[in-house]
Structure formats: C-alpha cells, structure tokens
Amino acid sequence: MIQPSDISAESLNWVSKSIGISNGDILSKGQKLRIESSQRTFFRIPFKEKSSILMVVPYGIEESVSPFVPKQKFSNKRM
C-alpha cells in the first residue's frame with residue numbers, strides 16, 4: 001500500500017492517466033520500494049496482470065533516465 005504522503009498528487013495523477021487506473025487503486029494496490037542511498041523514490045504499480053515501476057526524481061535534480069531504459073527492455077524480454 002502506498003501512503004498519500006509517499007507520492008505527490010502530480011505524480012499520482014500522471015500515473016493514473018498514463019495507465020488508466022484510479023488513484024485509489026494505485027494507492028491501495030501499489031507498493032513503495034525501499035532503495036538505499038538514493039534521492040529517487042520507486043513504486044511498483046500493478047495493473048492488467050503486470051506491474052510497472054515508477055521512479056520519482058525530486059525537483060531540481062538533473063538526472064537522465066536513459067540508464068534505466070536498457071534495464072526495462074531487458075526485463076520485458078524475460079517476461
């Protein structure tokens with residue numbers, strides 16, 4: 001379960017709109033993932049018999065997500 005204080009309303013609304021599930025389902029079915037020594041926050045969001053990982057980077061942090069794209073493609077091939 002994701003607590004409303006764990007994720008910004010902007011991020012929650014973006015995910016809801018992007019994958020087509022309600023904010024309530026995201027909060028009740030999703031889970032915050034524990035990552036050590038990171039400014040990023042990760043969430044597992046289940047939907048349509050699969051799940052996605054949401055990475056939230058705080059404002060002001062200039063960071064590219066390009067290193068995560070090859071990992072996502074590799075992960076999809078294994079499913």
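The values are calculated or read from the model by the stated rules, or taken from the named source; none is laboratory data. Please read these numbers as outputs of a predicted model, since none were measured by experiment. Cβ placement follows ideal geometry from the backbone for every residue including glycine, while neighbour counts extend to all protein chains displayed. What goes into the accessible areas is simple: the full protein's heavy atoms, side chains included, and nothing from ligands, DNA or RNA. Shrake-Rupley method; radii C 1.70, N 1.55, O 1.52, S 1.80 Å.
Couple of notes before you dig in:
- For region 1-41, a simple Cβ point-charge model (Lys and Arg +1, Asp and Glu -1, everything else neutral) yields a dipole of about 80 debye relative to the Cα centre.
- For region 40-49, 3J(HN,Hα) per residue [Karplus equation, 6.51 cos²θ - 1.76 cosθ + 1.60, θ = phi - 60°, Hz, x = Gly/Pro]: 7, 10, 10, 9, 9, 10, x, 6, 6, 6
- Where region 2-51 is the region considered: accessible area per residue in Å², 1.4 Å probe: 70 Å²
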